[in-house]
Ligand SMILES: C[C@H](O)[C@H](O)[C@H]1CNC2=NC(N)=NC(=O)C2=N1
């Protein structure tokens, strides 16, 4: 079920760096190297397959990766997106 604006605001308070852009939960991660960013993106892709919840990886840029979550089937942000954002932050601690 889609989260309300208030529920999203509460979730964001505990997700540093994540914002809502165009109805998606987004965060740009930075890395020491391009290869680190690419490796992170692959880790996130594998995590997505495991959880059966898939982010848009909107760009592997120069030492940065933009990750965006929305639940397509619900047409908005759900608790699945918030949980996935937390899981991606946990993966990132291995790269930061
Ligand atoms: C059948 C499968 O569970 C669905 O298609 C899943 C796969 N991954 C998904 N990922 C996202 N972000 N939203 C979905 O609605 C979604 N649906």
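FYI, it's all coordinate maths here, none of it is from the lab. On a predicted model such as this, the values are computed, not experimentally measured, just so you know. Positions of Cβ are backbone-derived with ideal geometry, glycine not excepted, and every protein chain shown enters the neighbour counts.
The lone criterion from (1) touching a helix residue (DSSP H, G or I) at 6+ places or on another chain (Cβ under 9 Å); (2) more than 11 Å from the ligand (Cβ to nearest atom) left unmet by residue 37 is number (1).
Residue 87 passes every criterion in (1) surrounded by 13 or more Cβ atoms within 10 Å (Cβ to Cβ); (2) in contact (Cβ under 8 Å) with a residue 60 or more places away in the chain apart from (2).
Selection of segment 25-50 for residues being closer than 20 Å to residue 8 by Cβ and surrounded by fewer than 18 Cβ atoms within 10 Å (Cβ to Cβ) yields only 28. Against the condition more than 14 Å from the ligand (Cβ to nearest atom), surrounded by 12 or more Cβ atoms within 10 Å (Cβ to Cβ) and either touching a residue at least 60 places away in the same chain (Cβ under 8 Å) or closer than 13 Å to residue 92 by Cα (or both), how does residue 11 come out, does it pass? Criteria met by residue 11.
Could you list all residues from segment 48-68 that are outside any strand (DSSP E or B) and either in contact with a strand residue (DSSP E or B) (Cβ under 9 Å, 6 or more places away or on another chain) or within 13 Å of the ligand (Cβ to nearest atom) (or both)? Spell out the reasoning first.
Kept after step one, since they are outside any strand (DSSP E or B), are these residues of segment 48-68: 48-55, 62-63.
Answer for segment 48-68, where residues must be outside any strand (DSSP E or B) and either in contact with a strand residue (DSSP E or B) (Cβ under 9 Å, 6 or more places away or on another chain) or within 13 Å of the ligand (Cβ to nearest atom) (or both): 48, 49, 50, 51, 52, 53, 54, 55, 63.
Looking at segment 72-85, is at least one residue under 16 Å from residue 11 (Cβ atoms), assigned to a strand (DSSP E or B) and within 8 Å of the ligand (Cβ to nearest atom)?
Our first condition is that a residue be under 16 Å from residue 11 (Cβ atoms); within segment 72-85, this holds for 74, 76-85.
Filter once more, keeping what is assigned to a strand (DSSP E or B): 76.
Right, trim to within 8 Å of the ligand (Cβ to nearest atom) and you get none.
No, the conditions are met nowhere in segment 72-85.
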